[in-house]
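Written out below as structure tokens is the structure these notes cover.
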Amino acid sequence: MELTKYEEAALKGEHGEIMQLAYRILVATGEATDAERLVPIEWAHLSGVNYNTIGDAGEEFLSRISREAKVRVKTTLNPMGFDVDNVSQYGLDENFINKQLSIKQSYETMGVTPSFSCIPYEIYDIPKAETQVSFAESNAAIHANSLDSLKTNKESAFSALASAITGQSPYSSMRREVEPDLTIKMGLDEPDELAYGMLGFFAGKLGEDSVNISGIKDADRRSCKALCGGMGTSGTCAKFSFGSGKPGCEVVDFDKKAMQEVHDELNTSEKGDLITLGSPQLGLEEMGDLAGMLKGRSFQKRCMVFCPRTVKEQATAAGYTAELERAGCEILADCCTCLTPLICKDEVDSITTNSIKGAYYLKNSNGVGINLKPLSKIVKEETR
Amino acid sequence: MKKVLVRGSAQGVVLKSNDPINFLGTVDKKTGVITDKNHDIYAKPVGGTMLVFPSGVGSSVGAYTIYSIKSNGSAPAAMICTKPDLTVATGCALADIPLLIISEEEFTSIKTGQHISLDTDSEDVIIIQ
């Protein structure tokens, strides 16, 4: 990599230990991804927040560096393990809560906005087209590259943190123009959000950096979000473009059979003991839609609804929260289905969800059975 | 030698594995001992060695395992791989452990028990004795 005099000096430790550490991470990441230089970024979104995933080593590391480190650009944060307002109802042990609060404190000390959200693209204004950002959350990185005209690598927790501290990121392949050499052709009519999630999961397995998605007419916000969530879960692909792509592009069909294969891989149960909605977290529009669908109906089993805190506040002001709670929903801010410590296999055999991302992590990390259903069917079959 | 991912200097005795290493699942974060029975360097401690292996695999959180073994004094003196991966790259960057990428031919020629001196600022970078 070509480094400027400042970057070289920082790497040698002339701007302090934290800058040296941050540049060591950026250079190691850049060399590993064939970047030739570093470029300025305007917004970093960090993963590595949930104590369930980063553990003691992560908590100790963040606590140590937060004594000196400060972020230089706008920096937002992925969900953590629970919602402080109702954590006492979920039987989490004291150690988990204390370690999670320490992680929260460390990020706040460094100047990070405690957004605890995996949908930064829905709760913040999007910068102008072509702006370089560093998003570590996979669904957010894919959304930024594919739908928001921003540029980001699919960052690791560490490269995004180093980018937040330095305001720079490696100029890796995703920041340059990438022309996909693979097209996934959607072969299903009128797909629901579950089908979009499975399409994303399928495409993410095949696409290395970027894919075209053809055969889609009008994908609404919810469908696109499901596509991003599924894609980020199964591989390293960090961008999709709607269309057929360049002539001679390899085309792979996502037909009924391909969808059935994804379904069979992730769906391991005929029914769920409880329902989870939100992975990625629900936005305000989805909260409003759900409140509308539940008018006059009530869930017959527990239903956990995950959203960002700002969305919960807006939903409360709009009257949605009251309607959802009346229908039996438990609304949780600051956390998400994905990698939640609030669902454990000692208490729950299986869950029902419409989220492919949630399904993948609940199955593999929490070890619970998965029953996949689109939201319309969940409301129809699980409420009265 | 193909690339320097993390700069530095170190020397020590080679511990070579032909299997990729998943730091999150297979390395004890206190002792640095390989705990996976199916791994070709099972039960060996990586501490103080020049650890030579194809690449890292598995969750990027494995980078914190590398940071932990360093904090516990049981990290390798340096790591040498044939394929760059982000988990080992960021782990070595966090823990300030020199990390080199070498060619397949060089990898084949290195054997467990050899002594290696490494200095990314010198002309030779690697000297195998």
Note, ³J(HN,Hα) from phi for segment B:90-105, Karplus 6.51, -1.76, 1.60, rounded to Hz, x at Gly and Pro: 6, x, 5, 5, 4, 8, 6, 10, x, 9, 10, 10, 10, 7, 4, 4
Simple label model, 7 Å out from Cα along Cβ direction - A:Lys128 to A:Ser149, nm: 1.0 nm
Reach of A:Lys128 by Cα under 13 Å, taken over aspartates and glutamates that are not fewer than 8 positions away in the same chain: A:Glu42, A:Asp148
Long-range tail of P(r) for segment A:188-303 (Cα pairs > 26 Å, %): 26 percent
Length released on extending from A:Arg326 to A:Glu381, taking residue separation times 0.36 nm less the Cα-Cα span: 18.0 nm
Isotropically averaged projected area of segment A:1-135, using the convex hull of Cα atoms (one quarter of hull area), nm²: 9.5 nm²
A:Gln300-A:Phe96 pseudo-label distance in nm [points 7 Å out on the Cα-to-Cβ vector]: 2.9 nm
Stretchable slack from A:Arg221 to A:Gln89, in nm (0.36 nm times residue separation minus alpha-carbon distance): 44.2 nm
Gained length - A:Cys249 relative to A:Glu313, 0.36 nm times residue gap less alpha-carbon distance: 18.4 nm
Taking all pairs of distinct alpha-carbon atoms in chain B, Kirkwood radius in angstrom: 14.0 Å
Amide H contacts under 5 Å for A:Ile370, placed H, 5+ residues apart: A:Thr268, A:Ser269, A:Ile351
Rounded tilt (10° steps) of B:62-71 against the dominant C-alpha axis of chain B: 80 degrees
Binned Cα-Cα distance frequencies in chain A - 20 Å width, integer %: 29, 57, 14, 0
Amide H within-cut-off set for A:Ser214, under 5 Å, with H built and near neighbours excluded: A:Ile184, A:Lys185, A:Met186, A:Gly243
Two-decimal Rg to Rh for segment A:122-162 - Kirkwood Rh, Cα set: 0.94
3J(HN,Hα) from dihedral phi, segment A:91-96, Karplus parametrisation 6.51/-1.76/1.60, rounded to Hz, x for glycine, proline: x, 6, 6, 4, 4, 4
Nearest-0.05 FRET efficiency for A:Lys185 and B:Lys44, computed from C-beta distance (R0 51 Å): 0.55
Within segment A:17-79, trypsin sites (Lys or Arg not before Pro) in DSSP loop having at most 11 other beta-carbon neighbours inside 10 Å: A:Arg67
Separation between Cα centres of segment B:85-129 and segment A:144-165, rounded to whole Å: 29 Å
Label-to-label distance, nm, for residues given as A:Arg37 and A:Arg67 (7 Å Cα→Cβ offset): 3.7 nm
CD proxy at 222 nm, helix term only [per DSSP H run n ≥ 4: -39500 (n - 2.57); per residue of the protein assembly as shown; nearest 500]: -10500 deg cm²/dmol
Pairs beyond 31 Å (Cα-Cα), from A:Lys256/B:Lys37; A:Lys257/A:Lys380; A:Lys151/B:Lys83; A:Lys217/A:Lys377; A:Lys271/A:Lys295; A:Lys70/A:Lys312: A:Lys256/B:Lys37
Segment A:234-366: relative contact order as a whole-number percent, Cα under 8 Å and 6+ apart: 31 percent
For A:Met304, distant residues with modelled amide H under 5 Å away: A:Ile275, A:Thr276, A:Leu277, A:Glu330
Inter-centroid distance (Cα atoms) of segment A:51-68 relative to segment A:84-133, Å: 14 Å
Relative contact order computed over segment A:169-279 (Cα-Cα under 8 Å; 6+ residues apart), in percent: 35 percent
Semi-axis lengths, Å, segment A:307-384, gyration tensor of Cα atoms, sqrt of 5 times eigenvalues: 23, 16, 11
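Here, each number is a calculation from the coordinates, and none is a lab measurement. On a predicted model such as this, the values are computed, not experimentally measured, just so you know. Backbone-built Cβ (ideal geometry, glycine too); neighbour counts: all protein chains shown.
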